[in-house]
Each structure stands twice: as structure tokens, then as C-alpha cells.
Amino acid sequence: MNLTKLRLFHAIEPGDKYWLDEIAKNGAEQVLENLLDQNFEWKRRSAMKIRERLKTPVESLASEILESKGVFITEEDEAWPHQIRDLLVPPIGLIIRGNIENCNSVAIVGTRNPTTYGARIASEFASGFVDRGVTIISGGAYGIDTHAHRGALAAEGRTIAVLASGISVSYPAGNERLFDEILENGALISEVMPTERARPERFLTRNRLIAALAKATIVVEAAFRSGSLRTARDAAELLRIVLAVPGPINSPSSDGCHRLIGERCAEIVTSVADAMEFLSNKPCTLCLNAS
């Protein structure tokens, strides 16, 4: 375990481009040394908060991860997902509980308030993908995320939840049993310490991880302005496949999908067979980066 990076992982908010750029430019050890030096002046106000969080003993951080039954990995570790390196602002590290060894995966995302149509499509797509050996990635939230995870589990497939909270926090609380079922064959992934609570801004930063980990992102129902559209755009910036499921033209729940299609940010997909054609024509980024 890289204890230097663990301390920075605990102290720095996920997705903070300034600090992650500093680590990339100067190295984790140098950044930590400068933060611990009270005479070193940083231009960022967040330095004071980070210095305060660095007072937590590293042994306490390691114990928290051990108690959560998770593991802390960084890019030096063999288990590090190579496709994460495509991110402009990659994480300092990840805490993982479970098994993530499968590069053939798709993300299914969408609204937290789906229609009956959206819930059914998310579940059926997830089941269809796992029948073809594809792992389902989603965010563990209510709505489309939950139906995607449950669809994968119903078909006895693997699914991975990328959380905005720590892996020891059941958020949302109603999905505690779902997370237990995911761990039987899949994994929980987080960019914060195990007992950290979810915060609004963390949902947006975790979306980039969903986009990076998956070979393709499929949006199933999303409002005109939605976090799911952010995931889709993150995926497009990473040159991943972006697909959207159309819905009724008068359904606000499908406005976001229609927007992606209209702006040519996503391809229309109406079945798993359609989606598999797009996937078969795109090489896996993990396999490319590993070769």
C-alpha cells in the first residue's frame, strides 16, 4: 500500500484538478512534504483544509480500509484499471471491494425517477449484456442504476457499482441489500475513504470514473439537464462509445436521450444486439493500453 498517496487520497477532494496536477508534475512525496511544511506557501485556500486532514494518522486510515474489507490501489499496482489513465484528472487512488477483473464492460446510466418503460429497458439491456459475457457498470443510485444492477444480477452476471460515498456507507440506504448482492460476484468502487458520506459534487466527479471504466456508456432515460448527460459527455471526451435509448417524443424522461441523439453525441440503440454491433467494432481500451 502506498502510504504517501493514501494520506493525499484522504486529504484531497476527488477530482480537484489543481492538486492532481501538482501530484502529476512534482510527485506525491514532494507534494506531501510541501503540505506538511507550514512555511511553504500555497496559492490555494484549500491547502489549509488539506493540512488539517493530514493530521489523521496514516495507521488509522489503513485500519479503516482493512475494516471495510476493501483494498486501496494506485496506478503502481497491478490491479489498477489501465483505462483510468485516459482521464484528464485521474484519481490519486481507488478503494475497491470485490472483483473488477473484466475489461469487457458497459455502463448503463439514467434518471433516478424512471418510467415503467425506462426501468424495464435498463433491466432487459443489463440482462442481455451479461448473457453475452459483458459486465454492467453503474452508479448504485435509485432509478435506472438500480434496475441495471438488478437486471445483471437476475441474469447471474457481474455488475460493478461506482459510488459517490465510501464503500462502507450504504447510500442510498434502500440499496444496502443490492450492494451485498453485487459483492457476491462483482465489486464496489469508490474514490473516497470507506466511511465518507456522499456529497452532491461527488456524484459528478464519480461520473467520469464510470465513463472511463466502461467500453461504452448507454443512457436510458434522462432529463434535458441530467448528471447522466455529464457521464455521456465524459465518455465521448474519452473517445468511448456513447449510445442512447429513444423514448416517446412527449416524455420529459427521454428529453436528455433525444438531446444526445439530436446533437450527434450518441448513437440510437434499440436493442442489445444493436449495441453489441457498436462494441464489436471498437477495440477494448484496457487491452490496447495493456499491450
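Values quoted throughout were computed directly from the atomic coordinates according to the rules given, and no laboratory measurement underlies them. Everything numeric in this text was worked out from a predicted model, so none of it was measured. Reconstructed Cβ throughout: ideal geometry from the backbone, glycine too, with neighbour counts over all protein chains shown.
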Study note, to complete from the structure: Here, the chain modelled as identical Cα point scatterers in vacuum has Debye log10 I(q)/I(0) at q = 0.08, 0.11, 0.14 Å⁻¹ of -0.33, -0.62, -0.97
Review point. Which is farthest toward the positive dipole end of the chain among Met48, Ala119, Ala211, measuring Cα position about the Cα centre, with Cβ charges +1 (Lys, Arg) and -1 (Asp, Glu)?
Key: Met48
Review point. Trypsin sites (Lys or Arg not before Pro), restricted to the range 166-255: which are DSSP loop and have at most 16 other Cβ atoms within 10 Å?
Key: Arg197, Arg225
**Study point:** Exposure proxy order (Cβ contacts within 10 Å, fewest to most) of Phe278, Phe224
**Key:** Phe224, Phe278
Practice item. Lys and Arg at +1, Asp and Glu at -1: add these up for the other residues within a Cβ distance under 14 Å of Gly98 and post the number. Key: -1
Check your understanding: Do you know the Lys pair count in the chain for C-alpha distances under 30 Å, with sequence separation 8 or more or different chains?
Key -> 23
Review point. Counting Lys and Arg as +1 and Asp and Glu as -1, each charge on the Cβ, what is the dipole of the range 1-67 about the Cα centre in debye, to the nearest 20?
Key: 280 debye
Review point. What net charge do the residues around Gln30 carry, taking every other residue with its C-beta under 11 Å from that of Gln30, with Lys and Arg at +1 and Asp and Glu at -1?
Key: -3
**Study point:** Euclidean distance of C-alpha centroids, the range 221-249 and the range 8-40, integer Å
**Key:** 33 Å
Point to revise | the chain - mean residue ellipticity at 222 nm from DSSP helices (-39,500 (n - 2.57) per run, n ≥ 4, rounded to 500) | key: -13000 deg cm²/dmol
Practice item. Net charge near Thr74: determine it from the other residues with C-beta under 13 Å of the C-beta of Thr74, scoring Lys and Arg +1 and Asp and Glu -1. Key: -3
Practice item. For the range 156-167, just list the computed ³J(HN,Hα) in residue order, Karplus coefficients 6.51, -1.76 and 1.60, θ = phi - 60°, integers in Hz, with x standing in for Gly and Pro. Key: 6, x, 9, 9, 10, 9, 9, 9, 8, 10, x, 6
